[in-house]
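Here's the structure we're looking at; comments come further down.
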Amino acid sequence: MTFQRARTEEQREIRRRAILDMASAMLHEMPVAAVTLNELSRRVGLAKPNVLRYFESREAVLLELLDRFLQEWLTELAGELAAGVDEDLPMAERAAAVAEILSRSLSSRTVLCDLFGAQGGVLEHNVSVEVVARYKRASLDRLTTMTALIQNYLPELGENATLFSLQTMVMAGALSAYSTPPPSLQEAYQAEPDLARFHLELEDSLKLALTATLLGVLPRR
């Protein structure tokens, strides 16, 4: 991919989208840690200093993608919850249905989970105050959206719906790392299967964690 110099605002926006789209494609090939600015620049057909005209760092690119993927997921999640949760069921059954839908939905979005896992320890570093503040404002908006979705089906949660929504994203990131063992560990599991007895697939581990969290924050009757 090659570009002429961007001279108008429209051309600059096209350039930004191209960089983001290429980074997105890379994330579907490799983990977050393997995405470098040098490789992104090479693939998008721009010199690294030119990429830095649009994004101040690799982390700035990935934070913007995280927000994009999160918006897409929440839009799809609304439909998944509407189709999968009967609002007339007792509270415990609705809670089980919500946990199952969330775990299934998130486990099918491994890139989003990988970005969740990298957010606090990697992505929010090496960015300016302006960039991280803009991301945090957007993140709070997404949290509000998710909270409202959860409250639609579990109004009993009350204010705890916000805490549960936040913990869902944090757990998805943390459990994603443990559910995808590196090649060396996969070989160790094959050579000594007993080592893998506590290994769970992401969907299973998320379902257990989210169900336990809901049981902890829902009111007891």
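Going through region 66-85 one residue at a time, which ones are over 22 Å from Ala118 (Cα atoms) and surrounded by fewer than 18 Cβ atoms within 10 Å (Cβ to Cβ)?
Thr75, Glu76, Ala78, Gly79, Glu80, Ala82, Ala83, Gly84
Can you name every one of the helices (runs of 4 or more DSSP H) wholly within region 153-221 that holds 3 or more residues which are exposed (fewer than 13 other Cβ atoms within 10 Å of the Cβ)? First the steps, then the outcome.
Details: elements: 160-179, 183-191, 202-217.
Output list reads 183-191.
Checking the condition in contact (Cβ under 8 Å) with a residue 12 or more places away in the chain, of a type in the set (Gly, Ala, Ser) and farther than 30 Å from Glu124 by Cα, which residue from Gly79, Gly84 passes? I'd like the intermediate steps shown before the answer.
On the way: Gly79 fails: in contact (Cβ under 8 Å) with a residue 12 or more places away in the chain.
It is Gly84.
Among the listed residues Val98, Val111, Val129, identify the single one that is out of contact with any helix residue (DSSP H, G or I) (no Cβ under 8 Å at 6 or more places or on another chain) and either among the β-branched types (Val, Ile, Thr) or on the phi > 0 side of the Ramachandran plot (or both). If you could, list the steps in order and put the result at the bottom.
Numbers: Val98 fails: out of contact with any helix residue (DSSP H, G or I) (no Cβ under 8 Å at 6 or more places or on another chain); Val111 fails: out of contact with any helix residue (DSSP H, G or I) (no Cβ under 8 Å at 6 or more places or on another chain).
Of the residues listed, the single one that is out of contact with any helix residue (DSSP H, G or I) (no Cβ under 8 Å at 6 or more places or on another chain) and either among the β-branched types (Val, Ile, Thr) or on the phi > 0 side of the Ramachandran plot (or both) is Val129.
Quick test of your reading of the structure: Pro155 fulfils all but one of (1) in contact (Cβ under 8 Å) with a residue 60 or more places away in the chain; (2) more than 30 Å from Leu52 (Cβ to Cβ). Name the failing condition by number.
Result: Pro155 fails condition (1) only.
Before we move on, is Asp141 open to solvent by 80 Å² or more (accessible area, probe 1.4 Å), farther than 28 Å from Phe55 by Cα and either free of Cβ contacts under 8 Å to residues at least 40 places away in the same chain or not hydroxyl-bearing (Ser, Thr, Tyr) (or both)?
Numbers: open to solvent by 80 Å² or more (accessible area, probe 1.4 Å): yes; farther than 28 Å from Phe55 by Cα: no; either free of Cβ contacts under 8 Å to residues at least 40 places away in the same chain or not hydroxyl-bearing (Ser, Thr, Tyr) (or both): yes.
When the stated conditions are applied, Asp141 does not pass them.
Among the residues of region 25-65, write down those that are in a helix (DSSP H, G or I), under 16 Å from Ala118 (Cα atoms), open to solvent by 40 Å² or more (accessible area, probe 1.4 Å) and modelled with pLDDT of 95 or more.
Arg58, Glu64
The values are calculated or read from the model by the stated rules, or taken from the named source; none is laboratory data. Please read these numbers as outputs of a predicted model, since none were measured by experiment. Cβ sites come from the backbone with ideal geometry, for glycine too, and all protein chains shown count toward neighbours. When the accessible area is computed, the model is the full protein with side chains, heavy atoms only, and any ligands, DNA or RNA have been set aside. Shrake-Rupley method; radii C 1.70, N 1.55, O 1.52, S 1.80 Å.
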